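Heads up: the structure comes next, in structure tokens.
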Amino acid sequence: MQLDQIKRRKFITLLGGAAAWPLAARAQQPAMPVIGFLTPTSPDAQADRLRAFRLGLKETGHIEGENVTIAYRWADNQIDRVPELVADLVHRKAAVIATVGDQTALAAKAATTTIPIVFVTGEDPVRLGLVTSLARPGGNMTGVNIFVNEVVAKRLELLRELVPGVARVAVLINPANFSSNESTLRDMAAAARVMGLQVQVFNADTGGQIDAAFATLVRERPDAIFVSGSPLFTSQRVQLILLATRHAVPATYAGRQFPEIGGLMSYGANLTDAWRQVGVYTGRILKGVRPADLPVMQASKLELVINAQAARVLGLAVPPQLIARADEVIE
């Protein structure tokens, strides 16, 4: 009887050890690296681009929930919240921080010089002070430049082709983007002078101020509206397009996401591709590549997209030469 009790105790001990082993093995597995994803807008405005970001990660072997965790931080169009959001990601010891927008990148740069940062900016990142040079970024930052400001003159030229006799243009800018507004307005003034256009600037950094800006600018009766590139304006694109349509004012936008839902025309970089590249760079950094060794990518393709139905609603005939040059004409 005593021998049976000893055998039983040994069996129970072995069984208990076998049950505990998987728990111990799990405890010894390294935690998944955390990617901080920081944007000044809200999640409902970024679904397509988030898919592109995850696709870029997947191209480097990283899948959310399987071998990486993504900590999303949304400022919900309140730019003053960005510093506290990036501070939280630094506190969490994120392995990499991906940022969207000039001000967000600047806030991340101010918060850490050690955690790698991958950005999407519309302004020249060298001029912003984010990197030393495009080819050799130096430091802990690299990313993608989408040429929001460099194409101002071209956007005005295309607008003039589509809207015959345009003379007065209302320019809508987000004053929170102070780092890029200076170059935007400088290039705008130079291009307008050459084309003989009058320009009037309107500011808006909330949805309510967009309504107020339109209420004021329609009283001025501009021939067209130039909506500058801004994460806020991208997130509020439905509001902007509805206001432009309601007041029957032709408008040009910075990206295809506007004409895709009813805006008149856009000229600018493909943001979906830019976000995919941010995902690729983030994944490469997780594999050990230093940001300093990853050249800043420049948007390889600038797209002209025209919504022909929106043009018809406004009584505009899209010139054949413009149709021929368009990357896409939405019917």
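The numbers here are math on the coordinates, done by the rules we state, and not lab data. Keep in mind that this is a model prediction, so the values were computed, not measured. Neighbour counts run over all protein chains shown; Cβ positions are idealised from the backbone, glycine included.
Across segment 272-282, coupling constants 3J(HN,Hα) worked out from phi with the 6.51/-1.76/1.60 Karplus curve, θ = phi - 60°, read 4, 5, 4, 5, 4, 5, 4, x, 4, 5, 4 Hz, and Gly and Pro carry x. In terms of the Cα gyration tensor, with a ≥ b ≥ c the square roots of its eigenvalues, is segment 32-89 rounded because a/c is under 1.5, prolate because a/b exceeds b/c, or oblate? Oblate is the answer for segment 32-89, as a/c is 1.5 or above yet b/c matches or exceeds a/b.
Normalised by the number of residues in segment 172-331, the mean separation of alpha-carbon contacts (under 8 Å, six or more apart) gives a relative contact order of 17 percent.
Per-peptide packing, taken as the mean over residues of other Cβ atoms within 10 Å, places 62-70, 280-288, 93-101 in the sequence 93-101, 280-288, 62-70 from highest down. Between Glu84 and Glu161, full extension at 0.36 nm per residue minus the direct alpha carbon distance yields a gain of 23.2 nm. Ranked by how many other Cβ atoms sit within 10 Å of their own Cβ, fewest first, the residues Trp275, Trp74 fall in the order Trp74, Trp275.
Ordered by the number of other Cβ atoms lying within 10 Å of each residue's own Cβ, fewest first, Asp205, Asp80 fall into the sequence Asp80, Asp205. Relative to the longest principal axis of the C-alpha atoms of the chain, give the angle of the C-alpha long axis of helix 237-246, reported between 0 and 90° and rounded to the nearest 10°. Approximately 20 degrees, to the nearest 10. Listed values for segment 80-89 are Karplus-derived 3J(HN,Hα) couplings in whole Hz (6.51 cos²θ - 1.76 cosθ + 1.60, θ = phi - 60°), namely 6, 7, 4, x, 5, 5, 5, 4, 5, 5, and x replaces Gly and Pro. When both bridge partners sit in the chain, DSSP labels roughly 10% of those beta bridges antiparallel. Taking a ≥ b ≥ c as the square roots of the eigenvalues of the Cα gyration tensor, the chain is classed as prolate, since a/c reaches at least 1.5 and a/b is larger than b/c.
For a test of the definition: using alpha carbon positions, the gyration tensor, and the 1.5 limit on a/c, classify segment 68-136 as rounded, prolate or oblate. Oblate, because a/c is 1.5 or more while a/b does not exceed b/c. Shown is the FRET efficiency for Ala215 and Ala110, computed with R0 = 30 Å from the Cβ-Cβ distance and rounded to the nearest 0.05: 0.25.
With neighbours defined as other Cβ atoms within 10 Å of a residue's Cβ, the residues Leu304, Leu232 order from fewest to most as Leu304, Leu232. Dividing the summed helix terms, -39500 (n - 2.57) for each DSSP H run of n ≥ 4, by the number of residues in the chain produces a 222 nm estimate of -14000 deg cm²/dmol to the nearest 500.
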